[in-house]
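To start, the structure under review is shown below, and the notes come after it.
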Amino acid sequence: MSEKIAPADTCVLVTGGAGFIGSHTVVELLSGGYKVVVVDDLSNASRKVFDRIKTIVGDDAAANLTFYEADVNDRPALTKIFDEHHPDRVIHFAGFKAVGESVSKPIEYYSNNIGNTLTLVDVMREHGCKSIIFSSSATVYGDPDSLPLTEESPKKMATNPYGWTKWMIEQILTDLHTADPEWNVVLLRYFNPIGAHPSGLMGEDPKGIPNNLVPYVAQTAIGKRDAVHVFGNDYDTPDGTGVRDYIHVVDLATGHVAALAWMNGRQGVEIFNLGTGTGTSVLQIIEAFSKACGHEIPYVIEARRPGDVTANYADCSKARDLMGWEAKFNIEDMCRDSWNWQSHNPNGYEG
Ligand code: UD1
């Protein structure tokens, strides 16, 4: 059994804590009384997010936050941070995440995502810290045989290097526990995170043309893009467009806090789906977002995007039964908060 510790005595090191999911999780951790050390190289995030976090949680909770601008793969820097803070738990978000880019830059993706994980767990081991939550993805389920997806559903071949890095890191962390049963590993398989902090102060800030649906819809709604390109309307779904399980980023963030509480005092490897259990089509997203922003959002139907699956959505009963966690926000909430963020921050954190 690993040691059981109260949140106020728990130092959580968060890699990638300035990113979209990371920053929302940092807010929930600070609000939950945890001490937080963020390591982020800001390669795909803005330093300005920390001012926003401070505004949301207040000065007292913000005093429990330390930020280091460092690459997780920079072993001397990471070792220094561990020497200084002796983190009890790690939540590992840092990684490259653009699916299309991963196909053209496999070396960069494998070396960054897998390399930084190996450095991280080695430095953790050296410091006797053996509790890690990993940011995995429903992409490991590939093209599902049946829905909803449970944690028992088989892992399938990934369709791109990004997906393989998630797949392989899950395996690496599982093997770590096999070699040393004191490791305490939680693999969180996210479905499709969207939305933004209800305050409008934090949200997704993609660089360049968004790859994912909702940021593209949001930029179309604000007039930065002409029309949403709907990738295929000939799928075997009610309206022919792809179906996904979209989850509000704040629900995802509270899922990490629930996982921390659940893993406290345990060891082992446990997998949890984090989704809502509801499938929503591309056209339903466009419609819900149109309602949220108050005007029609133009779209054009295009060919299918290679590598896309028809539909996926989660069975989240394991997270509910074991961790007592459930998603609270629905698609309307997600689109409202996403629009609130986009309309108040048209150029993201730099705007
Ligand atoms: C992708 C990744 C997933 C990753 C997630 C969040 C794969 C196969 N998928 O999920 O691993 O965790 O992003 O980064 O690796 N769509 C459009 N027009 C657009 C964009 C998307 O119609 O401009 C459609 C897609 O065909 C799909 C749905 O919208 O049906 C959602 O797409 P997207 O937001 O990119 O997420 P996923 O592909 O599900």
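The values are calculated or read from the model by the stated rules, or taken from the named source; none is laboratory data. What you are looking at is a predicted structure, and each value in this text was computed from that prediction instead of being measured. Glycine also receives a Cβ, built like all others from the backbone with ideal geometry; neighbour counts cover every protein chain displayed. Surface accessibility is based on the protein's heavy atoms, side chains included, excluding ligands, DNA and RNA. Shrake-Rupley method; radii C 1.70, N 1.55, O 1.52, S 1.80 Å.
For the peptides 102-108, 14-20, the ranking by mean Cβ contacts within 10 Å, running from highest to lowest, is 14-20, 102-108.
Compute log10 of I(q)/I(0) for the stretch 143-302 with the Debye formula, placing one identical point scatterer on every Cα and leaving out solvent, at q = 0.08, 0.11, 0.18 Å⁻¹, to two decimals. Here the Debye-derived log intensity ratios amount to -0.31, -0.57, -1.27.
Starting from the Cα of residue 236, move 7 Å in the Cα-to-Cβ direction to define the label point; list residues of the stretch 130-169 whose amide nitrogen is under 17 Å from there. Within reach of a label on residue 236, which here means backbone N under 17 Å from a point 7 Å along Cα→Cβ, the stretch 130-169 contributes 142-149.
Using the basic label-point model (7 angstrom from Cα toward the beta carbon), what is the residue 145 to residue 174 distance in nanometres? With each label placed 7 Å out from Cα toward Cβ, I get 1.6 nm. Between the beta carbons of residue 310 and residue 266, assuming R0 = 51 Å, the FRET efficiency works out to 0.90 to the nearest 0.05.
Could you tell me which of rounded, prolate or oblate describes the stretch 1-145, using a ≥ b ≥ c as the square roots of the eigenvalues of the alpha-carbon gyration tensor, with rounded for a/c under 1.5 and, failing that, prolate when a/b is larger than b/c and oblate otherwise?
prolate
In order along the stretch 267-274, the Karplus-derived 3J(HN,Hα) couplings, from 6.51 cos²θ - 1.76 cosθ + 1.60 at θ = phi - 60°, round to 9, x, 10, 9, 10, 10, 6, 10 Hz, and Gly and Pro are given as x.
Label separation (residue 344 vs residue 9): 3.8 nm, computed from points 7 Å beyond Cα along the C-beta direction.
In this simple spin-label model, placing a label point 7 Å from the Cα along the Cα-to-Cβ direction at both residue 107 and residue 31 gives a separation of 4.4 nm.
Summing +1 for each Lys or Arg and -1 for each Asp or Glu, what net charge is found among the other residues whose Cβ lies under 13 Å from the Cβ of residue 300?
Here the count lands on -1.
With all pairs of different alpha carbon atoms counted, what Kirkwood hydrodynamic radius in Å does the chain show? Provide the component values of the computation, followed by the final result.
Values: mean 1/r = 0.0489 Å⁻¹.
Across the chain, the inverse of the average 1/r is 20.5 Å.
Taking 19 Å as the straight-line reach from the Cα of residue 156, the aspartates and glutamates in range (excluding those fewer than 8 positions away in the same chain) are 143, 145, 170, 175, 245, 270, 308, 315.
Taken per residue, the accessible surface of the stretch 169-328 reaches 41 Å², heavy atoms only and a 1.4 Å probe.
Give me the extension gain from residue 75 to residue 125: residue separation times 0.36 nm, minus the current Cα-Cα distance, reported in nm with one decimal.
On the way: separation 50, 0.36 × 50 = 18.00 nm, distance 1.28 nm.
Working it through step by step, the gained length comes to 16.7 nm.
Restricting to Cα atoms and excluding each atom paired with itself, what does the Kirkwood estimate give for the stretch 63-193 in Å?
Numbers: mean 1/r = 0.0634 Å⁻¹.
Computed over Cα pairs of the stretch 63-193, the Kirkwood hydrodynamic radius comes out at 15.8 Å.
Size descriptor for the stretch 259-312, Kirkwood hydrodynamic radius: 15.3 Å (Cα pairs only, one decimal). For a quick check: with amide H placed at 1.01 Å from N, whose amide H comes under 5 Å from residue 225's, ignoring anything fewer than 5 positions away on the same chain? Here 220 satisfy the definition. Database remark: amide H of residue 91 closer than 5 angstrom to the amide H of 13, 14, 15, 133 (H placed geometrically; neighbours at sequence offset of 5 or more, or on other chains; Pro and chain starts carry no H). Using the Karplus relation 6.51 cos²θ - 1.76 cosθ + 1.60 with θ = phi - 60°, the per-residue 3J(HN,Hα) values for the stretch 8-20 come to 5, 9, 9, 9, 10, 8, 10, 7, x, x, 9, x, 4 Hz, with x marking Gly and Pro. Rg over Rh for the stretch 120-181 works out to 1.05, both radii taken from alpha-carbon positions and Rh defined as the Kirkwood radius. Amide H contacts of residue 149: 313, 314, 315, each under 5 Å away and 5 or more positions distant or on a separate chain (H built 1.01 Å from N in the peptide plane; Pro and chain starts excluded). Here residue 48 is the anchor, and the aspartates and glutamates within straight C-alpha reach of less than 12 Å, apart from those fewer than 8 places off in the same chain, are 205, 350.
If we sort 282-288, 118-124 on the protection proxy, mean other Cβ atoms within 10 Å, highest first, what's the order?
Details: 282-288: 20.9, 118-124: 18.9.
Result, highest mean first: 282-288, 118-124.
For the peptides 181-192, 257-268, the ranking by mean Cβ contacts within 10 Å, running from highest to lowest, is 181-192, 257-268. Each helix, a run of at least 4 DSSP H residues, gives -39500 (n - 2.57); summed and divided by the residues of the chain, these come to -11000 deg cm²/dmol at 222 nm. In terms of Cα atoms, the Rg and Dmax of the stretch 1-59 work out to 12.1, 39 Å. Full extension of the chain between residue 284 and residue 86 yields a length gain of 66.6 nm, computed as 0.36 nm times the residue separation minus the alpha carbon distance.
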